[in-house]
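The values are calculated or read from the model by the stated rules, or taken from the named source; none is laboratory data. Not measured: the values here are computed from a predicted model. Every residue, glycine as well, gets a Cβ built from its backbone with ideal geometry; the counts of neighbours run over all protein chains shown.
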């Protein structure tokens, strides 16, 4: 048996590369109520990667998704805050069981529990934004 080895000079890869949005797709699948799946994608996004072939740990990736371009193929985007709180709770519980901190999950859960206590359990994320606007006396807008 003969072993063949090759070496790659990663320094030749050094540079910045733009995401080819015309030939790329960023999609997702979200399980709803452990029964069905909602599939979708973002129609508008951009991204780039900067590769440091000499020191790969210095390489970076950046992707920006335009939330307002979300396409769920006509599936409703409504998702009750009570269900979202259940999911966030599962994330936090699983992290705790595995000894993995989930500070973002815990923060989201805290906000959702507050929204449910305020009577928004059957409401959608849009109502959570409206509640946050009222609480903070601000108006949130999408970037144009």
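Regarding residue 138, is this residue without any contact (Cβ under 8 Å) to a residue 12 or more places away in the chain and in a loop (DSSP other than H, G, I, E, B)? Before you say what the answer is, go through the steps one by one.
Working: without any contact (Cβ under 8 Å) to a residue 12 or more places away in the chain: yes; in a loop (DSSP other than H, G, I, E, B): yes.
Yes: the conditions hold for residue 138.
For segment 13-50, which positions are over 15 Å from the mean Cα position of the chain (by Cα) and modelled with pLDDT under 90?
If the condition is that a residue be over 15 Å from the mean Cα position of the chain (by Cα) and modelled with pLDDT under 90, then 32, 33, 34, 35, 36, 37 are the ones that fit.
For segment 93-109, which residues satisfy the criterion of being loosely packed, with under 13 Cβ neighbours inside 10 Å and either touching a residue at least 12 places away in the same chain (Cβ under 8 Å) or closer than 26 Å to residue 133 by Cα (or both)?
Those that are loosely packed, with under 13 Cβ neighbours inside 10 Å and either touching a residue at least 12 places away in the same chain (Cβ under 8 Å) or closer than 26 Å to residue 133 by Cα (or both): 103, 104, 107.
Output yes when any residue across segment 73-86 is at pLDDT below 95 and more than 27 Å from residue 113 (Cα to Cα), and no when none is.
Our first condition is that a residue be at pLDDT below 95; within segment 73-86, this holds for 73-86.
Adding the requirement that they be more than 27 Å from residue 113 (Cα to Cα) leaves 73-74.
Checking segment 73-86: at least one residue is at pLDDT below 95 and more than 27 Å from residue 113 (Cα to Cα).
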